[in-house]
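Chemist: Can you keep this structure in mind? I'll have questions shortly.
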Amino acid sequence: MSGTFVGMPAFPKAAREAVADPTLRRNLRHATHTIRAKRAAAVAEVSDWAALREAGKQIKDHTLRHLDRYLVQLEEAVTAAGGTVHWAADADEANRIVTRLVKETGESEVVKVKSMATQEIGLNEALEAEGVRAYETDLAELIVQLGRDRPSHILVPAIHRNRGEIRDIFRAEMGAWGRPAPEGLTDTPAELAEAARLHLREKFLRAKVGISGANFMVAETGTLVVVESEGNGRMCLTLPETLISVVGIEKIVPTWRDLEVFLQTLPRSSTAERMNPYTSMWTGAGGGAAGEGDGPRTFHLVLLDNGRTDTLADEVGRQALRCIRCSACLNVCPVYERAGGHAYGSVYPGPIGAILSPQLRGTGSEIDASLPYASSLCGACYEVCPVAIDIPEVLVHLRERVVEGGPVTRAGNRVVLKPAKGHAAERAAMRAAGWAFARPGVLRAGQRLASRTRGLHPRTLPGPGRAWSATRDLPAVPAEPFRDWWQRTNGGATEGRTAK
(Lines give C-alpha, C1' and ligand atoms only; values in the text may rest on other atoms or scores of the structure.)
Protein backbone atom coordinates (compact mmCIF):
# COMPACT_ATOMS: atom_id res chain seq x y z
CA MET A 1 0.00 0.00 0.00
CA SER A 2 1.47 3.34 -1.01
CA GLY A 3 -0.92 5.55 0.89
CA THR A 4 1.54 6.66 3.58
CA PHE A 5 1.89 10.42 3.79
CA VAL A 6 5.56 10.78 2.91
CA GLY A 7 7.54 12.60 5.58
CA MET A 8 4.91 12.18 8.29
CA PRO A 9 6.23 11.31 11.75
CA ALA A 10 4.81 8.51 13.88
CA PHE A 11 1.46 9.14 15.52
CA PRO A 12 2.71 10.27 18.97
CA LYS A 13 4.79 13.12 17.54
CA ALA A 14 2.22 14.10 14.91
CA ALA A 15 -0.56 14.10 17.51
CA ARG A 16 1.40 16.35 19.88
CA GLU A 17 1.85 18.89 17.09
CA ALA A 18 -1.83 18.72 16.14
CA VAL A 19 -3.05 19.15 19.73
CA ALA A 20 -1.00 22.35 19.96
CA ASP A 21 -3.02 23.91 17.10
CA PRO A 22 -6.05 25.66 18.68
CA THR A 23 -7.73 26.40 15.33
CA LEU A 24 -7.55 22.76 14.28
CA ARG A 25 -8.95 21.57 17.59
CA ARG A 26 -11.79 24.09 17.43
CA ASN A 27 -12.70 23.06 13.88
CA LEU A 28 -12.62 19.36 14.74
CA ARG A 29 -14.58 19.73 17.96
CA HIS A 30 -17.36 21.71 16.31
CA ALA A 31 -17.66 19.40 13.30
CA THR A 32 -17.47 16.05 15.08
CA HIS A 33 -19.88 17.05 17.85
CA THR A 34 -22.40 18.32 15.30
CA ILE A 35 -22.26 15.17 13.16
CA ARG A 36 -22.30 12.96 16.26
CA ALA A 37 -25.48 14.52 17.63
CA LYS A 38 -27.28 14.36 14.27
CA ARG A 39 -26.32 10.71 13.80
CA ALA A 40 -27.63 9.75 17.22
CA ALA A 41 -30.99 11.35 16.41
CA ALA A 42 -31.19 9.66 13.00
CA VAL A 43 -30.39 6.23 14.41
CA ALA A 44 -32.90 6.65 17.26
CA GLU A 45 -35.69 6.91 14.68
CA VAL A 46 -35.13 3.29 13.59
CA SER A 47 -36.73 0.77 15.93
CA ASP A 48 -34.83 -2.20 14.46
CA TRP A 49 -31.38 -0.57 14.33
CA ALA A 50 -29.77 -3.36 16.36
CA ALA A 51 -31.20 -5.96 13.96
CA LEU A 52 -29.98 -4.00 10.93
CA ARG A 53 -26.52 -3.75 12.51
CA GLU A 54 -26.39 -7.49 13.10
CA ALA A 55 -27.66 -8.18 9.58
CA GLY A 56 -24.92 -5.97 8.11
CA LYS A 57 -22.30 -7.79 10.14
CA GLN A 58 -23.52 -11.22 9.06
CA ILE A 59 -23.79 -10.24 5.38
CA LYS A 60 -20.23 -8.93 5.40
CA ASP A 61 -18.85 -11.95 7.25
CA HIS A 62 -20.60 -14.34 4.88
CA THR A 63 -19.29 -12.44 1.85
CA LEU A 64 -15.72 -12.43 3.16
CA ARG A 65 -15.86 -16.18 3.79
CA HIS A 66 -16.89 -16.76 0.17
CA LEU A 67 -15.12 -13.79 -1.41
CA ASP A 68 -13.49 -15.85 -4.15
CA ARG A 69 -16.84 -17.12 -5.41
CA TYR A 70 -18.58 -13.75 -5.33
CA LEU A 71 -15.72 -11.97 -7.08
CA VAL A 72 -15.87 -14.44 -9.97
CA GLN A 73 -19.65 -14.01 -10.12
CA LEU A 74 -19.20 -10.23 -10.22
CA GLU A 75 -16.64 -10.44 -13.03
CA GLU A 76 -18.96 -12.61 -15.11
CA ALA A 77 -21.89 -10.23 -14.57
CA VAL A 78 -19.90 -7.08 -15.41
CA THR A 79 -18.46 -8.69 -18.53
CA ALA A 80 -21.91 -9.85 -19.67
CA ALA A 81 -23.14 -6.26 -19.31
CA GLY A 82 -20.42 -4.92 -21.60
CA GLY A 83 -17.81 -3.92 -19.05
CA THR A 84 -14.19 -5.02 -18.71
CA VAL A 85 -12.74 -6.26 -15.42
CA HIS A 86 -9.08 -5.84 -14.44
CA TRP A 87 -7.40 -7.38 -11.39
CA ALA A 88 -4.75 -5.39 -9.49
CA ALA A 89 -2.66 -7.14 -6.85
CA ASP A 90 -1.18 -3.92 -5.47
CA ALA A 91 -1.10 -0.15 -5.86
CA ASP A 92 1.55 -0.12 -8.58
CA GLU A 93 -0.38 -2.54 -10.77
CA ALA A 94 -3.62 -0.61 -10.29
CA ASN A 95 -1.94 2.67 -11.23
CA ARG A 96 -0.40 1.10 -14.34
CA ILE A 97 -3.78 -0.25 -15.45
CA VAL A 98 -5.63 3.03 -14.96
CA THR A 99 -2.86 5.13 -16.54
CA ARG A 100 -2.80 2.86 -19.58
CA LEU A 101 -6.57 2.99 -19.97
CA VAL A 102 -6.60 6.79 -19.79
CA LYS A 103 -3.73 7.21 -22.26
CA GLU A 104 -5.44 4.82 -24.70
CA THR A 105 -8.31 7.32 -24.94
CA GLY A 106 -5.89 10.06 -25.98
CA GLU A 107 -7.09 12.34 -23.17
CA SER A 108 -4.85 14.30 -20.81
CA GLU A 109 -7.35 15.07 -18.06
CA VAL A 110 -9.94 13.18 -16.05
CA VAL A 111 -12.67 14.06 -13.56
CA LYS A 112 -13.00 12.06 -10.37
CA VAL A 113 -15.74 11.36 -7.88
CA LYS A 114 -14.42 10.89 -4.36
CA SER A 115 -12.67 7.53 -4.00
CA MET A 116 -10.61 6.46 -1.03
CA ALA A 117 -9.20 3.54 -3.01
CA THR A 118 -7.58 5.89 -5.53
CA GLN A 119 -6.20 7.99 -2.67
CA GLU A 120 -4.87 4.82 -1.08
CA ILE A 121 -2.87 3.91 -4.18
CA GLY A 122 -1.76 7.47 -5.00
CA LEU A 123 -3.49 7.49 -8.38
CA ASN A 124 -3.49 11.27 -8.87
CA GLU A 125 0.27 11.39 -8.48
CA ALA A 126 0.74 8.42 -10.82
CA LEU A 127 -1.42 10.08 -13.49
CA GLU A 128 0.40 13.38 -13.12
CA ALA A 129 3.73 11.63 -13.66
CA GLU A 130 2.37 10.45 -17.03
CA GLY A 131 1.07 13.86 -18.06
CA VAL A 132 -2.57 13.33 -17.06
CA ARG A 133 -4.27 15.82 -14.74
CA ALA A 134 -6.97 14.57 -12.38
CA TYR A 135 -9.63 16.97 -11.13
CA GLU A 136 -11.37 16.16 -7.87
CA THR A 137 -15.07 17.07 -8.01
CA ASP A 138 -16.28 16.34 -4.49
CA LEU A 139 -16.46 19.73 -2.74
CA ALA A 140 -14.32 18.69 0.21
CA GLU A 141 -11.83 16.91 -2.04
CA LEU A 142 -11.69 20.00 -4.25
CA ILE A 143 -10.77 22.08 -1.19
CA VAL A 144 -8.03 19.61 -0.29
CA GLN A 145 -6.67 19.55 -3.85
CA LEU A 146 -6.68 23.32 -4.32
CA GLY A 147 -5.03 23.77 -0.93
CA ARG A 148 -2.30 21.22 -1.76
CA ASP A 149 -3.47 19.50 1.39
CA ARG A 150 -4.26 15.98 2.55
CA PRO A 151 -7.66 14.54 3.49
CA SER A 152 -8.25 14.28 7.23
CA HIS A 153 -11.66 12.58 7.45
CA ILE A 154 -13.37 9.74 5.60
CA LEU A 155 -16.66 11.56 5.00
CA VAL A 156 -15.52 15.20 5.18
CA PRO A 157 -11.91 15.28 3.94
CA ALA A 158 -11.61 19.04 4.63
CA ILE A 159 -13.08 18.87 8.13
CA HIS A 160 -9.96 20.58 9.48
CA ARG A 161 -10.71 23.73 7.44
CA ASN A 162 -13.12 26.49 8.44
CA ARG A 163 -15.09 28.72 6.06
CA GLY A 164 -12.56 31.55 6.15
CA GLU A 165 -9.74 29.23 5.19
CA ILE A 166 -11.80 27.74 2.35
CA ARG A 167 -12.60 31.21 0.99
CA ASP A 168 -8.90 32.11 0.98
CA ILE A 169 -8.01 28.87 -0.82
CA PHE A 170 -10.66 29.44 -3.49
CA ARG A 171 -9.52 33.03 -4.07
CA ALA A 172 -5.85 32.10 -4.34
CA GLU A 173 -5.95 28.79 -6.22
CA MET A 174 -9.04 28.36 -8.38
CA GLY A 175 -7.63 30.40 -11.24
CA ALA A 176 -4.63 28.11 -11.62
CA TRP A 177 -6.90 25.06 -11.99
CA GLY A 178 -9.62 26.53 -14.20
CA ARG A 179 -12.36 29.08 -13.69
CA PRO A 180 -11.28 31.57 -10.99
CA ALA A 181 -13.32 32.38 -7.90
CA PRO A 182 -15.87 35.21 -8.30
CA GLU A 183 -14.80 38.69 -7.33
CA GLY A 184 -15.65 39.59 -3.76
CA LEU A 185 -16.18 35.97 -2.69
CA THR A 186 -17.21 35.77 0.98
CA ASP A 187 -17.16 32.84 3.40
CA THR A 188 -20.92 32.22 3.36
CA PRO A 189 -21.67 28.55 2.54
CA ALA A 190 -23.95 29.44 -0.38
CA GLU A 191 -21.31 31.58 -2.09
CA LEU A 192 -18.57 28.98 -1.54
CA ALA A 193 -20.79 26.23 -2.97
CA GLU A 194 -21.70 28.38 -5.97
CA ALA A 195 -18.03 29.17 -6.65
CA ALA A 196 -17.24 25.45 -6.61
CA ARG A 197 -20.23 24.66 -8.86
CA LEU A 198 -19.17 27.18 -11.50
CA HIS A 199 -15.55 26.04 -11.31
CA LEU A 200 -16.44 22.39 -11.75
CA ARG A 201 -19.17 22.74 -14.37
CA GLU A 202 -16.74 23.48 -17.20
CA LYS A 203 -14.72 20.39 -16.28
CA PHE A 204 -17.79 18.15 -16.28
CA LEU A 205 -18.86 19.38 -19.71
CA ARG A 206 -15.53 18.80 -21.44
CA ALA A 207 -14.25 15.67 -19.67
CA LYS A 208 -14.13 12.50 -21.75
CA VAL A 209 -12.86 10.22 -18.95
CA GLY A 210 -14.29 9.78 -15.46
CA ILE A 211 -12.74 7.88 -12.56
CA SER A 212 -14.75 6.66 -9.60
CA GLY A 213 -14.75 4.33 -6.69
CA ALA A 214 -17.81 2.50 -5.41
CA ASN A 215 -19.49 2.07 -2.06
CA PHE A 216 -20.85 -1.33 -3.04
CA MET A 217 -20.75 -3.89 -5.86
CA VAL A 218 -23.64 -6.34 -6.31
CA ALA A 219 -22.32 -9.73 -7.39
CA GLU A 220 -25.56 -11.13 -8.86
CA THR A 221 -25.95 -8.33 -11.45
CA GLY A 222 -22.52 -6.69 -11.70
CA THR A 223 -24.02 -3.39 -10.51
CA LEU A 224 -21.86 -0.73 -8.86
CA VAL A 225 -23.25 1.78 -6.38
CA VAL A 226 -22.02 5.24 -5.38
CA VAL A 227 -23.79 7.26 -2.68
CA GLU A 228 -23.09 10.99 -2.27
CA SER A 229 -24.66 14.26 -1.25
CA GLU A 230 -23.76 16.84 -3.90
CA GLY A 231 -24.55 15.41 -7.35
CA ASN A 232 -20.96 15.62 -8.54
CA GLY A 233 -20.82 11.84 -8.59
CA ARG A 234 -23.83 11.68 -10.90
CA MET A 235 -22.05 14.05 -13.30
CA CYS A 236 -18.82 12.01 -13.27
CA LEU A 237 -20.66 8.76 -13.78
CA THR A 238 -22.89 9.81 -16.68
CA LEU A 239 -21.22 12.52 -18.80
CA PRO A 240 -17.79 11.05 -19.72
CA GLU A 241 -17.49 8.62 -22.61
CA THR A 242 -15.17 6.33 -20.61
CA LEU A 243 -15.65 5.40 -16.94
CA ILE A 244 -12.96 3.66 -14.89
CA SER A 245 -13.90 2.46 -11.40
CA VAL A 246 -11.24 1.42 -8.88
CA VAL A 247 -12.79 -0.60 -6.06
CA GLY A 248 -11.44 -2.66 -3.19
CA ILE A 249 -12.41 -6.32 -3.41
CA GLU A 250 -14.12 -6.17 -0.01
CA LYS A 251 -16.84 -3.77 -1.25
CA ILE A 252 -18.88 -6.62 -2.74
CA VAL A 253 -22.31 -7.79 -1.53
CA PRO A 254 -23.99 -10.92 -2.90
CA THR A 255 -27.49 -9.67 -3.79
CA TRP A 256 -29.74 -6.63 -4.12
CA ARG A 257 -31.54 -7.75 -0.98
CA ASP A 258 -28.25 -7.50 0.93
CA LEU A 259 -27.68 -4.01 -0.47
CA GLU A 260 -30.98 -2.89 1.06
CA VAL A 261 -29.54 -3.23 4.57
CA PHE A 262 -26.58 -0.95 3.89
CA LEU A 263 -28.66 1.67 2.10
CA GLN A 264 -30.43 2.08 5.44
CA THR A 265 -27.46 2.00 7.79
CA LEU A 266 -24.84 3.92 5.77
CA PRO A 267 -26.61 7.29 5.38
CA ARG A 268 -27.74 7.42 9.00
CA SER A 269 -24.28 6.51 10.26
CA SER A 270 -22.40 8.91 7.98
CA THR A 271 -24.41 12.04 7.12
CA ALA A 272 -27.26 11.43 9.59
CA GLU A 273 -29.74 11.32 6.71
CA ARG A 274 -32.57 8.85 6.20
CA MET A 275 -31.27 8.22 2.69
CA ASN A 276 -28.51 9.62 0.56
CA PRO A 277 -29.51 12.55 -1.68
CA TYR A 278 -27.84 10.86 -4.66
CA THR A 279 -27.62 7.08 -5.03
CA SER A 280 -26.14 6.22 -8.44
CA MET A 281 -26.17 2.68 -9.81
CA TRP A 282 -24.80 1.39 -13.09
CA THR A 283 -24.31 -1.99 -14.70
CA GLY A 284 -21.69 -2.35 -17.42
CA ALA A 285 -21.43 0.10 -20.31
CA GLY A 286 -24.48 2.26 -20.87
CA GLY A 287 -23.86 4.29 -24.01
CA GLY A 288 -23.47 1.51 -26.50
CA ALA A 289 -21.44 1.65 -29.71
CA ALA A 290 -23.73 4.22 -31.35
CA GLY A 291 -24.18 6.23 -28.17
CA GLU A 292 -27.99 5.94 -28.08
CA GLY A 293 -28.12 4.84 -24.45
CA ASP A 294 -27.34 6.66 -21.23
CA GLY A 295 -23.95 6.77 -19.58
CA PRO A 296 -20.40 6.02 -20.70
CA ARG A 297 -19.81 3.95 -23.83
CA THR A 298 -16.87 2.16 -22.22
CA PHE A 299 -16.68 0.88 -18.64
CA HIS A 300 -13.65 -0.60 -16.87
CA LEU A 301 -13.68 -2.05 -13.35
CA VAL A 302 -10.32 -2.36 -11.56
CA LEU A 303 -10.61 -4.74 -8.60
CA LEU A 304 -7.99 -3.79 -6.02
CA ASP A 305 -6.38 -6.17 -3.53
CA ASN A 306 -3.43 -4.18 -2.11
CA GLY A 307 -3.20 -6.09 1.18
CA ARG A 308 -6.85 -7.05 1.54
CA THR A 309 -6.28 -10.77 0.96
CA ASP A 310 -3.51 -10.70 3.56
CA THR A 311 -5.89 -9.03 5.99
CA LEU A 312 -8.52 -11.66 5.24
CA ALA A 313 -6.09 -14.33 6.42
CA ASP A 314 -6.06 -12.85 9.95
CA GLU A 315 -8.95 -14.34 11.93
CA VAL A 316 -9.11 -11.37 14.33
CA GLY A 317 -8.12 -8.53 12.04
CA ARG A 318 -10.27 -9.50 9.05
CA GLN A 319 -13.33 -7.85 10.60
CA ALA A 320 -11.83 -4.50 9.53
CA LEU A 321 -12.84 -5.47 5.97
CA ARG A 322 -16.49 -5.15 6.98
CA CYS A 323 -16.04 -1.37 7.03
CA ILE A 324 -18.50 0.57 4.84
CA ARG A 325 -16.58 3.88 5.27
CA CYS A 326 -19.33 5.69 7.20
CA SER A 327 -16.87 7.55 9.51
CA ALA A 328 -19.09 7.19 12.59
CA CYS A 329 -16.11 5.90 14.59
CA LEU A 330 -14.12 9.06 13.84
CA ASN A 331 -16.87 11.34 15.09
CA VAL A 332 -17.06 9.73 18.54
CA CYS A 333 -13.34 9.09 19.04
CA PRO A 334 -11.75 11.35 21.70
CA VAL A 335 -8.32 10.79 20.17
CA TYR A 336 -9.36 11.77 16.64
CA GLU A 337 -11.26 14.80 17.93
CA ARG A 338 -8.06 16.19 19.43
CA ALA A 339 -5.41 14.97 17.01
CA GLY A 340 -7.22 15.17 13.66
CA GLY A 341 -6.79 12.92 10.66
CA HIS A 342 -3.36 13.97 9.41
CA ALA A 343 -1.68 12.54 12.52
CA TYR A 344 -2.55 9.00 11.36
CA GLY A 345 -0.29 9.30 8.30
CA SER A 346 -2.80 7.54 6.06
CA VAL A 347 -5.87 8.18 3.92
CA TYR A 348 -7.73 6.10 6.52
CA PRO A 349 -7.72 8.14 9.74
CA GLY A 350 -9.35 7.60 13.10
CA PRO A 351 -10.13 4.27 14.79
CA ILE A 352 -10.78 2.38 11.55
CA GLY A 353 -7.51 3.68 10.12
CA ALA A 354 -5.67 2.57 13.24
CA ILE A 355 -6.62 -1.04 12.49
CA LEU A 356 -6.92 -1.02 8.69
CA SER A 357 -3.70 0.75 7.65
CA PRO A 358 -1.33 -1.46 9.71
CA GLN A 359 -2.93 -4.54 8.15
CA LEU A 360 -2.92 -3.30 4.55
CA ARG A 361 0.59 -1.85 4.79
CA GLY A 362 2.11 -3.99 7.54
CA THR A 363 3.66 -2.75 10.78
CA GLY A 364 7.22 -2.38 9.48
CA SER A 365 7.27 1.43 9.42
CA GLU A 366 7.36 3.64 12.50
CA ILE A 367 4.03 5.20 11.51
CA ASP A 368 2.19 1.90 11.15
CA ALA A 369 3.72 0.41 14.30
CA SER A 370 2.39 3.39 16.26
CA LEU A 371 -1.19 3.35 14.93
CA PRO A 372 -2.55 0.50 17.11
CA TYR A 373 -1.63 2.69 20.10
CA ALA A 374 -3.58 5.70 18.79
CA SER A 375 -6.56 4.86 20.99
CA SER A 376 -7.76 5.01 24.56
CA LEU A 377 -9.67 1.71 24.06
CA CYS A 378 -12.82 3.41 25.34
CA GLY A 379 -14.97 1.35 22.96
CA ALA A 380 -17.10 4.22 21.65
CA CYS A 381 -16.09 3.28 18.09
CA TYR A 382 -17.48 -0.23 18.48
CA GLU A 383 -20.77 1.06 19.89
CA VAL A 384 -21.50 3.23 16.83
CA CYS A 385 -20.15 0.95 14.09
CA PRO A 386 -23.07 -0.07 11.82
CA VAL A 387 -21.38 -3.41 11.02
CA ALA A 388 -20.20 -4.12 14.59
CA ILE A 389 -16.44 -4.08 14.01
CA ASP A 390 -14.84 -4.65 17.41
CA ILE A 391 -12.11 -2.08 16.88
CA PRO A 392 -10.71 -2.30 20.44
CA GLU A 393 -10.26 -6.06 20.04
CA VAL A 394 -8.31 -5.58 16.80
CA LEU A 395 -6.23 -2.76 18.32
CA VAL A 396 -5.11 -5.01 21.17
CA HIS A 397 -4.43 -7.81 18.68
CA LEU A 398 -2.23 -5.51 16.57
CA ARG A 399 -0.42 -4.17 19.64
CA GLU A 400 0.53 -7.74 20.46
CA ARG A 401 1.81 -8.16 16.90
CA VAL A 402 3.94 -5.02 17.17
CA VAL A 403 5.46 -6.00 20.52
CA GLU A 404 5.84 -9.75 20.07
CA GLY A 405 6.06 -10.18 16.30
CA GLY A 406 4.91 -13.57 15.05
CA PRO A 407 3.43 -15.18 11.92
CA VAL A 408 1.43 -13.04 9.47
CA THR A 409 0.52 -13.19 5.79
CA ARG A 410 2.29 -10.78 3.45
CA ALA A 411 1.76 -10.78 -0.33
CA GLY A 412 0.09 -14.16 0.03
CA ASN A 413 3.06 -15.73 1.84
CA ARG A 414 3.26 -16.74 5.48
CA VAL A 415 6.14 -14.89 7.14
CA VAL A 416 7.31 -14.34 10.72
CA LEU A 417 7.61 -10.74 11.89
CA LYS A 418 10.31 -9.66 14.27
CA PRO A 419 9.25 -7.64 17.31
CA ALA A 420 9.29 -3.90 16.66
CA LYS A 421 12.13 -1.87 18.09
CA GLY A 422 11.57 0.12 21.27
CA HIS A 423 9.43 -2.45 23.08
CA ALA A 424 12.12 -4.48 24.83
CA ALA A 425 11.22 -3.11 28.28
CA GLU A 426 7.54 -3.85 27.70
CA ARG A 427 8.27 -7.42 26.64
CA ALA A 428 10.54 -7.93 29.67
CA ALA A 429 7.89 -6.58 32.03
CA MET A 430 5.20 -8.84 30.54
CA ARG A 431 7.44 -11.90 30.78
CA ALA A 432 8.27 -11.07 34.40
CA ALA A 433 4.58 -10.64 35.21
CA GLY A 434 3.74 -13.93 33.52
CA TRP A 435 6.45 -15.71 35.50
CA ALA A 436 5.18 -14.25 38.80
CA PHE A 437 1.50 -14.97 38.11
CA ALA A 438 2.38 -18.61 37.41
CA ARG A 439 3.93 -18.93 40.91
CA PRO A 440 1.45 -18.15 43.73
CA GLY A 441 4.15 -18.00 46.41
CA VAL A 442 6.19 -15.44 44.51
CA LEU A 443 3.06 -13.39 43.76
CA ARG A 444 2.03 -13.40 47.44
CA ALA A 445 5.47 -12.34 48.60
CA GLY A 446 5.56 -9.54 46.04
CA GLN A 447 2.14 -8.25 47.10
CA ARG A 448 3.15 -8.19 50.77
CA LEU A 449 6.40 -6.41 49.96
CA ALA A 450 4.53 -3.79 47.91
CA SER A 451 2.03 -3.17 50.73
CA ARG A 452 4.68 -2.82 53.44
CA THR A 453 6.74 -0.36 51.39
CA ARG A 454 3.79 1.66 50.06
CA GLY A 455 5.00 4.82 51.74
CA LEU A 456 8.21 4.74 49.69
CA HIS A 457 6.55 4.34 46.29
CA PRO A 458 7.23 7.16 43.77
CA ARG A 459 4.44 9.17 42.21
CA THR A 460 5.81 8.55 38.70
CA LEU A 461 7.52 5.58 37.09
CA PRO A 462 11.20 5.75 36.19
CA GLY A 463 12.77 5.21 32.76
CA PRO A 464 10.43 4.19 29.91
CA GLY A 465 7.53 4.04 32.35
CA ARG A 466 7.63 7.81 32.69
CA ALA A 467 5.75 8.16 29.40
CA TRP A 468 2.84 6.22 30.93
CA SER A 469 2.70 7.92 34.33
CA ALA A 470 3.16 11.42 32.90
CA THR A 471 -0.55 11.52 32.05
CA ARG A 472 -1.94 9.03 34.60
CA ASP A 473 -2.03 8.61 38.36
CA LEU A 474 -0.33 5.46 39.57
CA PRO A 475 -2.82 3.15 41.32
CA ALA A 476 -2.49 3.30 45.10
CA VAL A 477 -1.20 0.09 46.70
CA PRO A 478 -3.56 -1.14 49.48
CA ALA A 479 -2.29 -1.47 53.02
CA GLU A 480 -3.01 -5.20 52.92
CA PRO A 481 -3.06 -7.65 49.98
CA PHE A 482 -6.48 -9.03 49.11
CA ARG A 483 -5.43 -12.63 49.81
CA ASP A 484 -4.23 -11.74 53.32
CA TRP A 485 -7.46 -9.85 54.03
CA TRP A 486 -9.50 -12.80 52.78
CA GLN A 487 -7.70 -15.28 55.04
CA ARG A 488 -7.79 -12.93 58.06
CA THR A 489 -11.52 -12.20 57.79
CA ASN A 490 -12.69 -15.57 56.44
CA GLY A 491 -13.84 -13.98 53.24
CA GLY A 492 -15.25 -10.95 55.01
CA ALA A 493 -17.48 -12.93 57.38
CA THR A 494 -15.45 -12.13 60.49
CA GLU A 495 -15.15 -8.47 59.59
CA GLY A 496 -18.89 -8.30 59.03
CA ARG A 497 -19.66 -9.71 62.55
CA THR A 498 -17.19 -7.29 64.12
CA ALA A 499 -18.88 -4.36 62.41
CA LYS A 500 -22.25 -5.39 63.90
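The values are calculated or read from the model by the stated rules, or taken from the named source; none is laboratory data. The structure displayed is predicted, hence computed values, not measured ones. Quick reminder, even Gly has a Cβ in these numbers, built from the backbone with ideal geometry, and neighbours come from all protein chains shown. SASA here: full protein model, heavy atoms, side chains in, ligands and nucleic acids out. Shrake-Rupley method; radii C 1.70, N 1.55, O 1.52, S 1.80 Å.
Chemist: In whole percent, how big is the carbon plus sulfur part of the accessible area of the chain, probe 1.4 Å, protein atoms only? Intermediate results must be reported in sequence, preceding the final value.
Modeler: On the way: 12570 of 23490 Å².
Of the solvent-accessible surface of the chain, carbon and sulfur hold 54 percent.
Chemist: If the cut-off is a Cα-Cα distance under 28 Å, which lysines reach K418, setting aside same-chain residues fewer than 8 apart in sequence?
Modeler: K13
Chemist: For D187, D314, D168, D473, give me the order by solvent-accessible area with a 1.4 Å probe, most accessible first, ignoring ligands, DNA and RNA. Don't skip to the answer; put the middle values down first.
Modeler: Values: D187 50, D314 20, D168 75, D473 140 Å².
So, going from the largest accessible area down, we get D473, D168, D187, D314.
Chemist: Could you calculate the contour length gain from Q487 to E17, that is, 0.36 nm times the residue separation minus the distance between their Cα atoms, to one decimal place in nm? Mind dumping the intermediate values first?
Modeler: Numbers: separation 470, 0.36 × 470 = 169.20 nm, distance 5.19 nm.
The Q487-E17 span can extend by a further 164.0 nm.
Chemist: Got a sec? What order do K114, K421 fall in by accessible area at 1.4 Å, biggest, i.e. largest, first? Present the calculation step by step, with values, prior to reporting the outcome.
Modeler: Details: K114 60, K421 195 Å².
Accessible-area ranking of K114, K421, largest first: K421, K114.
Chemist: What label, among [x] 94, 55, 46; [y] 85, 55, 46; [z] 77, 66, 43, belongs to Cα extents along the principal axes in Å computed from the structure on display?
Modeler: Here the calculated entry is [x].
Chemist: Trypsin sites (Lys or Arg not before Pro), restricted to segment 32-89: which are DSSP loop and have at most 15 other Cβ atoms within 10 Å? Provide the component values of the computation, followed by the final result.
Modeler: Numbers: sites: R36, K38, R39, R53, K57, K60, R65, R69; in loops: none.
Passing sites in segment 32-89 do not exist.
Chemist: Looking only at Cβ-Cβ distances, which cysteines of the chain have no other cysteine closer than 4.7 Å?
Modeler: C236, C323, C326, C333, C378, C385
Chemist: Then there is this: So how long is each side of segment 15-67 along the principal axes, counting just the alpha-carbon atoms, biggest first, in Å?
Modeler: Over segment 15-67, Cα extents along the principal axes are 46, 31, 11 Å.
Chemist: Continuing with this model, one more query. Would you please give the FRET efficiency between R26 and A81, computed as 1/(1 + (r/R0)^6) with r the Cβ-Cβ distance and R0 = 56 Å, to the nearest 0.05? Walk me through the numbers before you get to the answer.
Modeler: Details: r = 49 Å, r/R0 = 0.87.
Here the calculated transfer efficiency is 0.70.
Chemist: Let me know the shape class of segment 165-305, please: from the alpha-carbon gyration tensor, a ≥ b ≥ c as square roots of the eigenvalues, rounded when a/c is under 1.5, otherwise prolate if a/b is greater than b/c, or oblate. Numbers along the way, then the final one.
Modeler: Details: a/c = 2.50, a/b = 1.47, b/c = 1.70.
Because a/c hits 1.5 or more and a/b fails to exceed b/c, segment 165-305 counts as oblate.
Chemist: Per 0.36 nm of contour for each residue apart, how much would the distance between R148 and A44 grow if the chain were fully extended, relative to their Cα-Cα spacing? If you can, show how the numbers build up before the last one.
Modeler: Details: separation 104, 0.36 × 104 = 37.44 nm, distance 3.89 nm.
Length difference between fully extended and current span is 33.6 nm.
Chemist: Restricting to the chain, compute how many DSSP beta bridges are antiparallel as a %, nearest 5.
Modeler: Counting only bridges with both partners in the chain, antiparallel ones make up about 35 percent.
Chemist: Determine the per residue accessible area of the chain with all protein chains present and a 1.4 angstrom probe, expressed in square angstrom. Don't jump to the answer; show the numbers that get you there.
Modeler: Values: 23490 Å² over 500 residues.
Result: 47 Å² per residue.
Chemist: As a check on your grasp of the helix formula, calculate [θ] at 222 nm for the chain: sum -39500 (n - 2.57) over DSSP H runs of n ≥ 4, divide by the residue count, round to the nearest 500.
Modeler: -15000 deg cm²/dmol
Chemist: State whether segment 105-176 is rounded, prolate or oblate according to the following rule on the C-alpha gyration tensor (a ≥ b ≥ c being the square roots of its eigenvalues): a/c under 1.5 gives rounded; otherwise a/b larger than b/c gives prolate, and the remaining case gives oblate. Don't skip to the answer; put the middle values down first.
Modeler: Values: a/c = 2.40, a/b = 1.45, b/c = 1.65.
Verdict is oblate for segment 105-176.
Chemist: Counting pairs of alpha carbon atoms under 8 Å apart in space and at least six apart in sequence, what relative contact order in percent does the chain give?
Modeler: Numbers: 838 pairs, mean separation 95.3, N = 500.
Worked out over the chain, it gives 19 percent.
Chemist: Whole percent per 5 Å bin, from 0 to the bin with the longest distance: what is P(r) over all C-alpha pairs of segment 1-136?
Modeler: Cα pair-distance distribution for segment 1-136, in percent: 2, 7, 9, 10, 13, 14, 14, 16, 10, 4, 1, 0.
Chemist: On a 26 Å Cα-Cα criterion, which of the cross-link pairs K112/K251; K38/K112; K203/K251; K251/K421 come out too long?
Modeler: Numbers: K112/K251 19 Å; K38/K112 29 Å; K203/K251 29 Å; K251/K421 35 Å.
Those over the limit are K38/K112; K203/K251; K251/K421.
Chemist: As an exercise, find the ratio Rg/Rh for segment 152-206 from alpha-carbon atoms, using the Kirkwood inverse-distance average for Rh. Don't skip to the end; give the middle numbers.
Modeler: Numbers: Rg = 11.6 Å, Rh = 11.8 Å.
That ratio equals 0.98.
Chemist: So, taking all protein chains as they sit and a 1.4 Å probe, how much accessible area belongs to I59, in Å² rounded to tens?
Modeler: Counting only protein heavy atoms, the figure is 30 Å².
Chemist: When a/c is below 1.5 the answer is rounded, else prolate if a/b is larger than b/c, else oblate, so apply that to segment 84-232 with a ≥ b ≥ c taken from the square roots of the Cα gyration tensor eigenvalues. Mind showing how you got there, number by number?
Modeler: Numbers: a/c = 1.92, a/b = 1.61, b/c = 1.19.
In terms of gyration-tensor shape, prolate.
Chemist: Moving on to the next point. Counting every Cα pair in segment 256-374, what percent are over 24 Å apart? It would help to have the intermediate numbers written out before the result.
Modeler: On the way: 3276 of 7021 pairs.
The calculated P(r) of segment 256-374 puts 47 percent of pairs beyond 24 Å.
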